[in-house]
Amino acid sequence: MGYKTIQVKTEGRVGVITLDRPEALNALCDALTTELADALAKFESDGEIGCVVLTGSKKAFAAGADIKELQSQDFVSLYMDDPFEKTWESVARFRKPIIAAVSGYALGGGCEIAMMCDFIIASETAKFGQPEINLGVMPGAGGTQRLPRAISKAKAMDLCLTGRMMDAKEAERAGLVSRIVPADDLLSAAMDAAETIASKSLPIAMMTKEAINRSFELGLSEGVRWERRVFQSQFATEDQSEGMAAFAEKRAAHFKHK
Ligand code: CO8
């Protein structure tokens, strides 16, 4: 598939997807989310890929869903097509580690897609917000659910009800982003993190991601019990044998990633 709205490349074990609709600040039109889902499916099935970086331009990670496309939708068309289920959710469903590298605007669906990633590295210029209320709607791609889990009810209410943006510093204080880096260093910082993750055992990294995500669905005792079973099961992997043998033998571990 030749992509028109994203750019895709591979560097070692890291897949990089760059949202690329500069004329619309990377607004998430149907074509873009379809291409994004396709690229993720390919990275998911590619055994050589251990981590993905999702990024945009300096000015915008993504300024939200494409309002010009959404404008003509009605309830039945949105319900029947359910683009959220068909394409957007592919980011949340992606099983390998995925990092959002955010510079500039991450608004509405842009903020929601970033939150579907495992963590967000932000440039100093990043701006996050859920301005849907200004359009007469509310967030529709997970914003009302993921934002309070990420940054507290108070801030989620503040952002979703006023529609205001928060800058990178406020987002980091609130816990939405894991770190802030200078704008020029954004991609290299995200690539460094992704290469580090991709050098670990892929199945163990995937189980770690799954376990942390389960913490949002389960109560504490169920979550801890589930974690313990997965931890125990990891002793059936070659990567556990290799990782612990390498420590004992004072050498670097060589994970098989499968
Ligand atoms: N959709 C479509 N086009 C957009 C969008 C967008 N979200 N954002 C920007 N653009 C376009 C502009 O229309 C403009 O195009 P043109 O030059 O043809 O007029 C171009 O990008 C540049 O934008 P601006 O001139 O507005 O640039 P500024 O630097 O002046 O302003 C802003 C930047 C503040 C980011 C401004 O563009 C803005 O407010 N954009 C809209 C932000 C917004 O409201 N986002 C939420 C959208 S709704 C949503 O995301 C719901 C998600 C739920 C989806 C559920 C699954 C289906």
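List the aspartates and glutamates whose Cα lies under 18 Å from the Cα of Lys258, skipping any in the same chain that are fewer than 8 positions away.
Partners found: Glu44, Asp46, Glu48, Glu195, Glu210, Glu238, Asp239, Glu242.
Using the Cα gyration tensor of region 113-198, with a ≥ b ≥ c the square roots of its eigenvalues, what is the shape: rounded (a/c below 1.5), prolate (a/b larger than b/c) or oblate (neither)?
prolate
State, to one decimal in nm, how far the label point of Asp46 lies from the label point of Ser233, with both points 7 Å from Cα in the Cβ direction.
Result: 2.7 nm between the two label points.
Counting heavy atoms of the protein chains only and a 1.4 Å probe, report the per residue accessible area for region 188-253 as a whole number of Å².
Here the per-residue accessible area is 65 Å².
With respect to the cross-link table entries Lys4/Lys42; Lys4/Lys153; Lys4/Lys155; Lys58/Lys200, which display a Cα-Cα separation exceeding 28 Å?
Over 28 Å Cα-Cα: Lys4/Lys153; Lys4/Lys155; Lys58/Lys200.
Tell me, what HN-Hα J-couplings in whole Hz come from the Karplus equation 6.51 cos²θ - 1.76 cosθ + 1.60 at θ = phi - 60° for each residue of region 179-185, using x for Gly and Pro?
With the stated coefficients, region 179-185 comes to 7, 10, 10, x, 3, 5, 9 Hz.
Using a 1.4 Å probe on the protein chains only, how many percent of the accessible area of the chain belongs to carbon and sulfur?
Of all accessible area on the chain, carbon and sulfur atoms account for 57 percent.
How far apart, in nm, are the 7 Å Cα→Cβ label points at Met138 and Asn213?
For the pair Met138/Asn213, the computed spacing is 2.4 nm.
Quick one, what does Rg over Rh come out to for the chain if you take C-alpha atoms and the Kirkwood Rh?
That ratio is 0.99, to two decimals.
Distance in nm between label sites at Gln7 and Phe75, each 7 Å beyond Cα in the beta-carbon direction?
Reported label-point gap for Gln7 and Phe75 is 4.3 nm.
Considering the chain as a Gaussian network with a 10 Å cut-off on Cα pairs, which listed residue, Met115, Met166, Met80, attains the greatest mean-square fluctuation?
Fluctuation is largest for Met80.
The values are calculated or read from the model by the stated rules, or taken from the named source; none is laboratory data. What you see is a predicted model; the values in this text were computed from it and never measured. Here the Cβ is made from the backbone with ideal geometry for all residues, glycine too, and neighbour counts use every protein chain on show. When the accessible area is computed, the model is the full protein with side chains, heavy atoms only, and any ligands, DNA or RNA have been set aside. Shrake-Rupley method; radii C 1.70, N 1.55, O 1.52, S 1.80 Å.
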